[in-house]
Amino acid sequence: MPLHLDLSVLTSFTLLWLAVVPSPGPNVLMVTHVALTRRPAHVVFAILGNLTGIALLASLALVGWAAVLATFPWLRTGVNIFGGLYLMWVGSKLIRRARTSGALSASTTGDAGDTPADYRRTAVLGLVTALSNAQAILFITSIYAATGVLTANVATGFASIAIMLSCNAAYLALLGWLFQREKIRVAYARFRGLMDGVIGTLFVLFGGRLLWRALAA
């Protein structure tokens, strides 16, 4: 018997997720900075890498990995420590760059060229930024539980992931388009040191908060 989509569950999930998507966080900072410092193709790779990470987290939440993390807290702690240190490392690179006279095209990963390796690095930046917080699995699981996804059929569960990715893709693409505008990039170039310092500090704060939660757990 074919599985049918539970439209009431998907409607509830979509409305709640649309409220969650604009929340500021490392993913937003990452796409914003890539858009300000790199060409459009890099923005695409950053978003694709990020969506891959989000899809993995959403899938793990759907199959019950929240229970695994609850059973093995050391696993969640380890991932969060790695994620926190990674975000702080990205932020510290930006802060150091803010104190120097680096070129506008410099990126959080070093070279910002257009070779396949450069695009891979940009995609990895998006992927690791998404995966940096194991706590996201618990958060997504809570959204699933609140909207009925966890008790719905498999087709509805996978449809919820598709909705999640579509919402995130649209929002991140909008950010990428906005911060690729010439006037905004010119303003960034004028205040590059200040902007890199602010974005870098936010990365460090997000990473520090994640690290603090991991060590305090």
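If packing is taken as the average number of other Cβ atoms within 10 Å across a peptide's residues, how do 115-123, 78-86 rank, most packed first?
Descending mean neighbour count gives 78-86, 115-123.
Given the options LEU36, LEU178, LEU131, state which has the largest fluctuation in a GNM of the chain using a 10 Å cut-off (strictly under) for Cα springs.
Of LEU36, LEU178, LEU131, the most mobile in the Gaussian network model is LEU178.
Counting other beta carbons within 10 Å of each Cβ, put TRP74, TRP177 in order, fewest first.
Fewest-to-most ranking of TRP74, TRP177: TRP74, TRP177.
How many percent of the alpha carbon pairs in segment 134-203 exceed a separation of 16 Å?
67
Mind jotting down a quarter of the surface of the convex hull over the alpha carbons of segment 15-71, in square nanometres, one decimal?
Value for segment 15-71: 4.9 nm².
Quick one: Karplus J couplings for segment 35-44, per residue in order, coefficients 6.51, -1.76, 1.60, θ = phi - 60°, nearest Hz, x for Gly and Pro?
Per residue, the Karplus-derived 3J(HN,Hα) values read 5, 6, 10, 10, 7, x, 4, 5, 4, 4 Hz.
Please sort 150-160, 200-210 by packing, taking for each peptide the average over its residues of neighbouring beta carbons within 10 angstrom, highest first.
On the way: 150-160: 17.6, 200-210: 19.5.
Result, highest mean Cβ count within 10 Å first: 200-210, 150-160.
How are the C-alpha pair distances of the chain spread across 10 Å bins, as whole percents from the shortest bin up?
Each 10 Å bin holds this share of Cα pairs: 8, 32, 33, 19, 7, 1, 0.
How would LYS183, LYS93 line up from fewest to most surrounding beta-carbon atoms within 10 angstrom?
LYS183, LYS93
First select every other residue whose beta carbon is under 14 angstrom from the beta carbon of ALA136; then total the charges, Lys and Arg +1, Asp and Glu -1.
Around ALA136, the charge tally is +3.
Could you compute Rg(Cα) / (2.2 N^0.38 Å) for segment 54-96, with N its residue count?
Numbers: Rg = 13.6 Å, N = 43, 2.2 N^0.38 = 9.2 Å.
Compactness ratio reported: 1.48.
Each value in this text was obtained by applying a stated rule to the coordinates, not by laboratory testing. Owing to the predicted nature of the structure, the values given are computational and were not obtained by experimental measurement. Cβ: placed from backbone, ideal geometry, glycine included. Neighbour counts: every protein chain shown.
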